[in-house]
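Novice: Please see the structure below; I have some questions.
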Amino acid sequence: MSAAACIFCKIIKGEIPSFKLFESSSVFAFLDIQPLSVGHALVVPKHHGAKLTDIPDDQLKDILPVVKKIAAASGAENWNCLQNNGRLAHQEVDHVHFHMIPKPNETEGLGIGWPAQKSDMDKLKQLHEQLKSKM
């Protein structure tokens with residue numbers, strides 16, 4: 001998707017109204033209009049890119065401090081910071097974005113299943129070496 005067609009780029013440009021919480025030269029934050037809980041916010045880099053690996057590092061450095069400020073301002077004692085990449089990972093908008101989702105109780109906010117698997121330590125050691133060599 002091009003930046004011209006991107007809903008988040010249109011929100012950043014002011015072409016689509018939003019409930020803006022924060023703006024800087026590299027970051028834009030606003031309330032989600034389909035929240036999982038009260039205070040659910042989105043924090044996006046102004047640089048358009050579909051996946052985290054598409055965004056230059058200098059455009060990412062200020063995002064988590066903004067998520068932190070919004071979480072503190074919300075007063076949430078419990079909350080999730082979520083960032084998805086690709087359709088199988090539940091990404092709906094092809095512009096990198098971080099969700100700050102307050103979790104006030106068991107029913108509101110983000111619900112997560114965690115299908116953990118046992119590790120084969122030899123395979124884990126091989127994977128470790130492979131990943132480390134590429135970093």
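Values in this text are rule-based calculations from the coordinates and carry no lab data. Just so it is clear, the structure is predicted and the values come from calculations on it, not from any experiment. Please note: Cβ atoms are built from the backbone with ideal geometry, for glycine as well, and neighbour counts cover all protein chains shown.
Novice: Expressed as a whole number of Å, what is the distance separating the alpha-carbon centroids of the range 63-135 and the range 6-24?
Specialist: 23
Novice: Now for a separate question. For the chain, with a Gaussian network of springs between Cα atoms less than 10 Å apart, report the residue from LYS123, LYS46, LYS20 with the top mean-square fluctuation.
Specialist: Result for the chain, Cα springs under 10 Å: LYS123 fluctuates most.
Novice: Looking at (i) -0.41, -0.48, -0.70; (ii) -0.48, -0.56, -0.82; (iii) -0.53, -0.62, -0.90, which value of log10 I(q)/I(0) by the Debye sum over Cα atoms at q = 0.11, 0.12, 0.15 Å⁻¹ comes from a calculation on the structure shown?
Specialist: Answer label, from the structure shown: (ii).
Novice: Taking the highest mean first, how do the peptides 56-65, 83-92, 5-14 order by number of other beta carbon atoms within 10 angstrom per residue?
Specialist: Ranked from most to least packed, the peptides come out as 5-14, 56-65, 83-92.
Novice: Got the relative contact order for the range 1-111 handy, in percent, Cα pairs under 8 Å and 6 or more residues apart?
Specialist: Across the range 1-111, relative contact order equals 27 percent.
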